[in-house]
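For reference, the structure discussed in these notes is given below.
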Amino acid sequence: MWFFKPSEIAKIGMKIEENGAAFYRALAGTTEEPEAKALFDFMAGEEEQHYKTFESLADKLQGYDITSFENDYEDYMRALANNSVFATGVNPVELAKGVNTVTEAIDLALGFEKDSVLFYLQFKKMAPEEEEFGVEAIIDEEQKHIHRLLTIKKMYTTTREEFYIPKGDYGDAEI
């Protein structure tokens, strides 16, 4: 039997979304750029809604076990969870305080959103068939977040290189 149960993976999703909301709220509180502030406020609200969805999923998945995956897949899921900045013990508010520009904030957020999509895609494979739609809906929304972030980033970059090459050191977040 697996170490993870689907309900536990949903709880990891809750933590990711809770930290994501705190991160975006902190960014919204520190930026003076109206478009960026509106984006970060919107993203925080979205993460709060995702938290509620995962909370509901965690309750629904209490009795489910995972039996159909290989042990190395469990290791893969554990590695994804451990490498997601929003799932670990990193303080999202302190992380946001270390950001100096809107483009740095967006680059960091893009990395987190991509990590979330990757984690949720794997979670969907483990969810019972009748609950896959809930995870799929969050994946779709996370992908829309990436698109929004990229759209706003275009407003704050002037060259192609500046748009495609992120600035700053963000620890484990791969951007």
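This model, with +1 at the C-beta of Lys and Arg and -1 at the C-beta of Asp and Glu, gives the chain a dipole about its Cα centre of some 360 debye. Computed over the Cα atoms of the chain, the ratio of the radius of gyration to the Kirkwood radius (Rg/Rh) comes to 0.99.
Per residue of the chain, what 222 nm ellipticity follows from adding -39500 (n - 2.57) for every DSSP H run with n ≥ 4, rounded to the nearest 500?
Helix-only estimate at 222 nm: -24500 deg cm²/dmol.
Remark: relative contact order (the chain) = 28 percent; criterion is Cα-Cα distance under 8 angstrom and separation of 6 or more residues. A simple spin-label model places the labels of Thr101 and His147 2.7 nm from each other, with each point 7 Å out along Cα-to-Cβ. For the chain, the longest principal axis of the Cα atoms and the long axis of helix 71-83 meet at an angle of about 30 degrees. Here the peptides 153-165, 135-147 are ranked by packing, the mean other Cβ count within 10 Å, and the order with the highest first is 135-147, 153-165.
We did not get these values from a lab; they are worked out from the coordinates using the rules stated. Everything quoted here is computed from the prediction, not taken from an experiment. As a convention, Cβ positions derive from the backbone with ideal geometry for all residues, glycine included, and neighbour counts pool all protein chains shown.
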